Amino acid sequence: MDNIIDPASEQGLPLFSLRLLVPPLRLMSAFMWQVAQQRNVMQYGKLEEFVTLVTEMVPELLSSRQRTQLILGLRARLVLELCCSEGTADLLTIQAHLDIIHTLTEKSVHKEVG
């Protein structure tokens, strides 16, 4: 079993217990922060999922308009990257992203009108 050694005690800490010490949300937040800082566009889908999850749990974090703009921006940037990258321009994948952008845009317009 993989162990992390504490130099002070020379005792190993099993990896599975490390999860108890570092909450998963903090790990995901750190990873998402790195994605944003490094502008790792190919991970923007994960960043979008994280933003969606967090704003569903804490709705007052962002307004509906801010959340929609952020998600649309991430998805649009991902589509642009997919279109520009050689070998990754899968039309079905791009169309799926465009369909979601269209759906989000329609929902946003309906919320503003209603």
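Which one is modelled with the lowest pLDDT, of the residues in region 78-114 that are outside any helix (DSSP H, G or I) and on the phi < 0 side of the Ramachandran plot?
Thr88
Per this entry, Ser9 is counted among residues that are hydroxyl-bearing (Ser, Thr, Tyr), at pLDDT below 90, farther than 30 Å from Glu81 by Cα and not in a helix (DSSP H, G or I). Looking only at region 68-89, residues that are under 23 Å from Ala30 (Cβ atoms) and open to solvent by 60 Å² or more (accessible area, probe 1.4 Å) come to 2 in all. Residue pairs, Cβ under 8 Å, 6 or more apart or interchain, first in region 10-35 and at positive phi, second modelled with pLDDT under 70. List them. The qualifying pairs do not exist here. From the list Arg67, Arg75, the lone residue that is part of a helix (DSSP H, G or I), within 23 Å of His110 (Cβ to Cβ) and in contact with a Ser or Thr (Cβ under 7 Å, 6 or more places away or on another chain) is Arg67. Note on region 32-52: among residues that are under 9 Å from the mean Cα position of the chain (by Cα) and open to solvent by 50 Å² or more (accessible area, probe 1.4 Å), the one that is farthest from Leu82 (Cα to Cα) is Glu49.
The values are calculated or read from the model by the stated rules, or taken from the named source; none is laboratory data. Quick caveat: nothing in here was measured; it's all calculated off a predicted structure. Here the Cβ is made from the backbone with ideal geometry for all residues, glycine too, and neighbour counts use every protein chain on show. Surface areas here come from the heavy atoms of the whole protein model, side chains and all, with no ligands, DNA or RNA. Shrake-Rupley method; radii C 1.70, N 1.55, O 1.52, S 1.80 Å.
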